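Notes to accompany the following structure.
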Amino acid sequence: MIFMVPATMINASEQSDPYVMINEVASLTFDRMKREKEQINQNPELLRTVMEEELLPYIDYRFSAFKVLGKYASKVPREKLLEFVSVFREYLITSYAVALGYYDDQLVEFAPALEFDGRSDVTVRAVIKDGERPDIKVAFKVRKDRQSDQWQVYDMVAEGISLLSSKRTEFESILRQDGIDKVIELMRKNIAEPIKLNEKLNK
């Protein structure tokens, strides 16, 4: 039996600062992946658990789901909209698990924090350094929830490519031609695919 250590939640004061929040969440996630590397090597599917417990609490997946649907959100029946949001939640977990399946203890450097008073949307930038390989530029788009005043991630940009924008472009023609059911079907198919690790993780 493989035991996974429960997630460590950051405190409310840390989530009130988008830069501190991203740094803390990234540290907790990568530290857990290092700590449980052996278990993850044996069963890569455990990465989904890590993403759900460490990352998802700080991701506004509902907002992200509506952003992906764009203008089609108002045209989808409520029950289908709820189903889409639920499946999109699992889809995001899978997307982050797949992306971090290539993580192998690289160095992550965050850009200095900028002034964010009075703002409700900021971009937290970072660089992933991987030895002799070219640096990878990433950015996390974060928004403040009006009710809780807490910051949450709603998009990730890697090398200038937005996860939400790419998915919105991918789904738009399907929504137009085949409707929401086809998009949900494609997301479920993606979720069903096994998680694969970077080969270096098994060395």
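The values are calculated or read from the model by the stated rules, or taken from the named source; none is laboratory data. All values derive from a computational prediction rather than experimental measurement. Note that each Cβ is placed from the backbone with ideal geometry, even for glycine, and that neighbours are counted across all protein chains shown. Accessible surface areas use protein heavy atoms only, side chains included; no ligands, DNA or RNA. Shrake-Rupley method; radii C 1.70, N 1.55, O 1.52, S 1.80 Å.
Just a few scattered comments:
- Candidates 91, 102: the one that is open to solvent by 70 Å² or more (accessible area, probe 1.4 Å) and touching a residue at least 60 places away in the same chain (Cβ under 8 Å) is 102.
- Among the residues examined, residue 66 does not qualify as hydrophobic (A, V, I, L, M, F, W, C) and touching a residue at least 60 places away in the same chain (Cβ under 8 Å).
- Yes/no for residue 62 being closer than 21 Å to residue 16 by Cβ, in a helix (DSSP H, G or I) and open to solvent by 70 Å² or more (accessible area, probe 1.4 Å): yes
- Hits in the range 164-203 - residues which are surrounded by 16 or more Cβ atoms within 10 Å (Cβ to Cβ) and modelled with pLDDT under 90: 197, 201
- Meets criteria (over 21 Å from residue 63 (Cα atoms), assigned to a loop (DSSP other than H, G, I, E, B) and either of a type in the set (S, T, N, Q) or open to solvent by 70 Å² or more (accessible area, probe 1.4 Å) (or both)) for residue 109: no
- Taking the range 124-135 as the range and being without any contact (Cβ under 8 Å) to a residue 24 or more places away in the chain and surrounded by 12 or more Cβ atoms within 10 Å (Cβ to Cβ) as the test, the residues that pass are 125, 127, 128, 129, 135.
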